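Chemist: I have a structure I would like to understand better, so I am pasting it below and will then ask my questions one at a time.
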Amino acid sequence: MHAKNTICLWFDGTALDAASFYAATFPDSHVHAIHRAPGDYPSGKQGDVLTVEFMVMGIPCLGLNGGPVFKHSEAFSFQVATDDQEETDRLWHAIVGNGGEESACGWCRDKWGLSWQITPRALSAAITDPDPAAAKRAFEKMMEMTKIDIAAIEAARRG
């Protein structure tokens, strides 16, 4: 994996676990390479998994086992555009059901602290509707939700 731009994600010893979960959960995702530390470092020993090269839905990532110093926050998230309720539910439940937690408006956090927006295409279309009243109704309905309910969003959009 020699992409010009790679997202580097900091983990506390769990980069391989996270990358393996993402590869098993999301389409066009896989673990490409595992690199072990050539020597001791502040949060690990020679031979420990230092970095993991992986792909998440076609996006090249590098998981760095940098230790406990830095934590993930909602300032960075993966936004996943889903095509229907089945895909929305599957991805949401995979993340939340694997030690993650629900948040608001289609956001959830995985067990490693990374944030995900599971965003149905129908939601994006509804809140950008050319009719401002329809967009507002859909937006207000979204604000009441954790996991997005496409039927409820579409009903609100229609009024």
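Chemist: Could you please tell me which pairs satisfy a Cβ distance under 7 Å, a separation of 6+ or placement on different chains, a first residue in the range 94-122 that is farther than 20 Å from Asp84 by Cβ and in the same structural domain as Ala151 (by TED's automatic domain parsing), and a second residue that is among the acidic types (Asp, Glu) and surrounded by fewer than 20 Cβ atoms within 10 Å (Cβ to Cβ)?
Modeler: Arg109/Glu101; Ser115/Glu74
Chemist: Being touching a Phe, Trp or Tyr at 6+ places or on another chain (Cβ under 7 Å) and of a type outside the set (S, T, N, Q) narrows it down to one residue among Cys105, Cys61; which is it?
Modeler: Values: Cys105 fails: touching a Phe, Trp or Tyr at 6+ places or on another chain (Cβ under 7 Å).
Result: Cys61 is the single residue among Cys105, Cys61 that is touching a Phe, Trp or Tyr at 6+ places or on another chain (Cβ under 7 Å) and of a type outside the set (S, T, N, Q).
Chemist: Check the range 132-146 and report whether any residue there is free of Cβ contacts under 8 Å to residues at least 60 places away in the same chain and closer than 27 Å to Asp17 by Cα. Steps first, please.
Modeler: Of the residues in the range 132-146, the ones free of Cβ contacts under 8 Å to residues at least 60 places away in the same chain are 132-146.
After this cut, where a residue has to be closer than 27 Å to Asp17 by Cα as well, the list is 146.
So far as the range 132-146 goes, yes, one or more of its residues are free of Cβ contacts under 8 Å to residues at least 60 places away in the same chain and closer than 27 Å to Asp17 by Cα.
Chemist: Can you confirm whether Ala151 is in contact (Cβ under 8 Å) with a residue 60 or more places away in the chain and farther than 27 Å from Val56 by Cα?
Modeler: Against the criterion (in contact (Cβ under 8 Å) with a residue 60 or more places away in the chain and farther than 27 Å from Val56 by Cα), Ala151 qualifies.
Chemist: How many of the residues in the range 75-94 are farther than 23 Å from Ala125 by Cβ and either of a type in the set (Gly, Ala, Ser) or buried (at least 16 other Cβ atoms within 10 Å of the Cβ) (or both)?
Modeler: 2
The values are calculated or read from the model by the stated rules, or taken from the named source; none is laboratory data. Computed from a predicted model, the values in this text were never measured in an experiment. Every residue, glycine as well, gets a Cβ built from its backbone with ideal geometry; the counts of neighbours run over all protein chains shown.
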